[in-house]
Amino acid sequence: MTKFFIYPVFFVCITITTKAQKKTIDQKVDSVLRLMTLDEKIGQMNQYNGPWAATGPLTGNDDIVTQIKQGKVGSMLNVTGVARTKELQQLAMQTRLKIPLLFGQDIIHGHRTIFPIPLGEAASWDLKAIELSARIAATEASAAGVHWTFAPMVDIGRDPRWGRVMEGAGEDPYLGSAIATARVKGFQGKGFGNIDALMACAKHFAAYGAAVGGRDYNSVDMSLRQLHEVYLPPFKAALDAGAATFMNSFNDLNGIPATGNSYLQRDILKGQWKFKGFVVSDWGSVGEMINHGFSKDNKEAAMQAANAGSDMDMESRSYLPHLAQLIKEGKVKMVVIDDAVKRILKKKFEMGLFDDPFKFSDEAREKAQWNNTTHLEVSKDMAKKSIVLLKNEKQILPLSKQTKKIALIGPLVKSIKDHLGFWSYDWDDDTARIPSLYDAIQTKLGGNSNLLYSKGCNIIDTSKAGFAEAVATAQQSDIVIMYVGEHRAMSGEAKSKSNIQLPGVQEELIKAIHATGKPVVVIIGAGRPLIFNWTANNVPAIVYSWWLGTKGAEAIADVLFADYNPSGKLPMTFPRTEGQIPVYYNYYKTGRPAANDSDVNYVSAYIDLPNSPQYVFGYGLSYTSFNYSEIELSKTSLKGNQTLTASVTVSNTGNYDGEEVVQLYLRDMVASVVRPVKELKGFQKIKLSKGERRKVSFTITPEELKFYNTDLKYSWEAGDFQVMIGGSSTDVKTGKVSWVK
Ligand code: NOJ
């Protein structure tokens, strides 16, 4: 690409600002809009992918340099780094009105310093830590010229076949909303205008996670009550936290593609919720409405998307060639274009780009963030907090640092990049920064232990040629640590799977090693809940480590050798088989509920497997144990807006200091519509030293009792309620209250 000198600019807009210093941003936006031709306006609604990397199928091969100079581009995605963003911004400064470009990028779980995948972070239930992770990602990405992240993804994930569950916060609307808030706050920092604030983007609006069969991009058909009650709350939370932008989604919702869906974008988002930012389409989703059979060509797609409230066209090349003609034909009104452009310009003003388009183009700042050791330490801390201990029979964990011979077996033991996971870019391929588990354990134990290694098998192929050597290695050891799971491209966008068993022959390798009689610890690194029933039933110790980022291996080593006591709790239910999917804890009561897992007598059950999943939502162990007292309720009969306090005393009864996520669930016993068997309504993560006990209290008001009734009105009804508090969604203490109006 041609290099350009910084163009001597006299910004029209700055002139405007100087003439009327006191102008509000809205007035400034109006002043710019008045100067714009229709073509320039449409240009602002057009976003192209940069020529260096693509995160979707390219729909054309335009001369982007010329088009930027002609004012036909409002934003670019996948252009990162000060040098490249500066080069393109210089082109934008050659346009008539010198309107700066916005640079967007999927900064999903870190930029240079990679943090755990979002689903992993969600397992920490630690909102402050999650906010800090997003803050650091924003600090590094903004230093590399990025203005806007396409995150957080706030889609509810009830189907682990869908590979994109790795990008979200799991299955629960309450936890998902709290995490959406934390992430938006983290990305946007102290607010736009600050040099390290990234614009957030709540995506994918809406219900993308409910794709039929867990197949990415597939249709979604759901009741409006479920949409409002389960799928929309995290979006509303992101909006309330100030999310600058929304991205719509690839799926149709009840027959209308989200990109051309006025109910979602105009009625709910911009209407009821009064969203003031702008909506970007997903990659190519405007043009893809042709494939849906909803638009006959790109022109009709442009009309439908713009009228439905999609303000910017990402990479489908539908707006640029057709909107002007659609205006002439009266099929799109000028007010629609003006509204979209105003929303986009407003963000550019708020980001300070009209004052200084090169505000994010500081090479020295970029360099300073390239190897930020403080960020690495924070990412390690986040990684430790994300790890979930699933099983620990006979307290096999933690391991002694004095163990003489440790066998490390499995295809992930020496892997480097798999720690980074999907949605991490290749710029962090510095192996010195990303230790393998083998390296991390070796560093931790120094000369104390003799580490033996055998790969055993690959992640996906079916060869068992390495089994014999792995078994021989295990036989020479005192204890075996196995590290198995998915490689980093097995969960993510377009990574749906019908079979979510531990891939390849890895579970057979576990069986072979277990048969040696040596104590075995299995660590599973993956982007989604996997199925590993044999391991769950037979292996004494299991650690679920997701993909933990740059410092992931060190975090795992800290957990294995008790330098950190695991505290993560599952943000998604782990099924026993794919046949149980979709699977989630907050299901509705049926007319014929099964009494227990073996009850199949004319009840809602499978005759070939229990109803209960392998691991429930909210579950996770610690090296210590926690005891919960019975629930104490401040009242058992309440009226109107009174407040209920529900408390338990939690005691650390084990031998380690530890952290526990105390979870509050409510159940509405009888209502005008069927209510879930329980819903998370609060949680507190507490730290207790060994022997310590603490009273943990939750405040409950009628707000927590509300639901969407048959008229989709969000209100509560008088009646009886169950209050449950515990350390997972099933391990709870229960109390009862009645509440009248
Ligand atoms: C498609 C994905 O669905 C979306 O989440 C992402 O932001 C865009 N591609 C851009 O990479």
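We did not get these values from a lab; they are worked out from the coordinates using the rules stated. Small disclaimer: the values here were computed from a predicted structure and weren't measured. Here the Cβ positions follow ideal geometry from the backbone for every residue, glycine too, while neighbour counts run over all protein chains shown.
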>> Among 715, 514, 48, whose Cα projects farthest towards the positive end of the dipole of the chain, with charges put on the beta-carbon of Lys, Arg (+1) and Asp, Glu (-1)?
In response: 715
> Among the trypsin sites (Lys or Arg not before Pro) within the range 619-721, which fall in a DSSP loop and have no more than 10 other Cβ atoms within 10 Å of their own Cβ?
Replying inline: 713
>> Along the Cα→Cβ direction, 7 angstrom out, place labels at residue 653 and residue 741. What is the inter-label distance in nm?
In response: 4.4 nm
> Got a sec to turn the phi values of the range 408-425 into Karplus ³J(HN,Hα) couplings, 6.51 cos²θ - 1.76 cosθ + 1.60 with θ = phi - 60°, whole Hz, x for Gly and Pro?
Replying inline: 10, 10, x, x, 9, 4, 9, 6, 10, 6, 4, 4, 6, x, 5, 6, 10, 9
> When every alpha-carbon pair in the chain is counted, what percent end up more than 40 Å apart?
Replying inline: 36 percent
> Karplus couplings for the range 263-272 from phi (6.51 cos²θ - 1.76 cosθ + 1.60, θ = phi - 60°), rounded to Hz, Gly and Pro as x?
Replying inline: 4, 5, 7, 8, 6, 7, 5, 8, x, 3
>> Can you report the principal axis dimensions of the range 510-602 using only the alpha carbons, biggest first, rounded to whole angstrom?
In response: 49, 32, 21
> Just how large is the dipole of the chain about the Cα centre, in debye to the nearest 20, putting +1 at every Lys and Arg Cβ and -1 at every Asp and Glu Cβ?
Replying inline: 1360 debye
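For residue 377 and residue 453, what is the calculated FRET efficiency with R₀ set at 41 Å and r taken between the beta-carbons, to the nearest 0.05?
Here the calculated transfer efficiency is 0.90.
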>> Can you find, among 616, 435, 262, the residue sitting farthest towards the positive end of the charge dipole of the chain, where Lys and Arg contribute +1 and Asp and Glu -1 at Cβ?
In response: 262
> Nearest 0.05, what FRET efficiency do residue 53 and residue 697 give at R0 = 45 Å with Cβ-Cβ as r?
Replying inline: 0.35
>> Charges at C-beta only: +1 for Lys and Arg, -1 for Asp and Glu. How large is the resulting dipole of the range 69-110 about its Cα centre, in Debye rounded to 20?
In response: 280 debye
> Given H placed on each backbone N at 1.01 Å, which residues far from residue 631 in sequence or on other chains put an amide H within less than 5 Å of it?
Replying inline: 734
> Once the piece of chain linking residue 273 and residue 463 is laid out straight, how much longer is it, given 0.36 nm per residue of separation minus the C-alpha distance between them?
Replying inline: 62.9 nm
> Between residue 525 and residues 5 or more places away or on another chain, which pairs have amide H atoms under 5 Å apart, with H built 1.01 Å from N, and which residues are they?
Replying inline: 484, 485, 486, 545
> Share of antiparallel DSSP beta bridges in the range 626-740, in percent to the nearest 5?
Replying inline: 95 percent
> If one takes the longest principal axis of the Cα atoms in the chain, at what angle in degrees, from 0 to 90 and to the nearest 10, does the Cα axis of helix 82-92 lie?
Replying inline: 30 degrees
>> Just want to confirm a number: the relative contact order over the range 388-567, from Cα pairs under 8 angstrom separated by 6+ residues, in percent.
In response: 34 percent
>> Tell me the angle of helix 373-386 to the major Cα principal axis of the chain, expressed in degrees between 0 and 90 and rounded to the nearest ten.
In response: 50 degrees
> Can you list the GluC sites (Glu not before Pro) in the range 310-386 that are in a DSSP coil and have 14 or fewer other beta carbons within 10 angstrom?
Replying inline: 329
> Listing 546, 534 from the residue with the fewest other Cβ atoms within 10 Å to the one with the most, what is the order?
Replying inline: 534, 546
> How about the range 69-136: which trypsin sites (Lys or Arg not before Pro) there lie in a loop by DSSP and see at most 15 other Cβ atoms within 10 Å?
Replying inline: 96
>> Give me the one-decimal nm value for the distance between modelled label points at residue 290 and residue 240, 7 Å along each residue's Cα-to-Cβ direction.
In response: 4.2 nm
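If each residue of separation counts as 0.36 nm, what is the full-extension length gain between residue 734 and residue 534 once their alpha-carbon separation is subtracted?
Full extension of this stretch gives 68.7 nm more.
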> How far, in degrees from 0 to 90, does helix 173-188 lean away from the longest principal axis of the Cα atoms of the chain, to the nearest 10?
Replying inline: 50 degrees
>> Can you tell me the length gained on complete extension of the stretch residue 641 to residue 128, counting 0.36 nm per residue apart and subtracting the Cα distance?
In response: 181.7 nm
>> Return the equivalent ellipsoid semi-axes of the range 626-740 as a descending list in whole Å, where each equals the square root of 5 times an eigenvalue of the C-alpha gyration tensor.
In response: 30, 14, 11
>> Tell me the net charge near residue 624. Cut-off is 12 Å between Cβ atoms, residue 624 excluded, with +1 for each Lys or Arg and -1 for each Asp or Glu.
In response: -2
>> Under 8 Å for C-alpha pairs, at least 6 residues apart: give me the relative contact order for the range 626-740, rounded to a whole percent.
In response: 33 percent
>> Quick one: 3J(HN,Hα) in Hz for the range 634-648, Karplus 6.51/-1.76/1.60 with θ = phi - 60°, rounded, Gly and Pro as x.
In response: 5, 8, 10, 10, 10, 9, x, 7, 5, 10, 9, 10, 10, 9, 9
> Per the helix-only calculation at 222 nm, which mean residue ellipticity applies to the chain, given -39500 (n - 2.57) for every DSSP H run of n ≥ 4 and division by its residues, nearest 500 deg cm²/dmol?
Replying inline: -7500 deg cm²/dmol
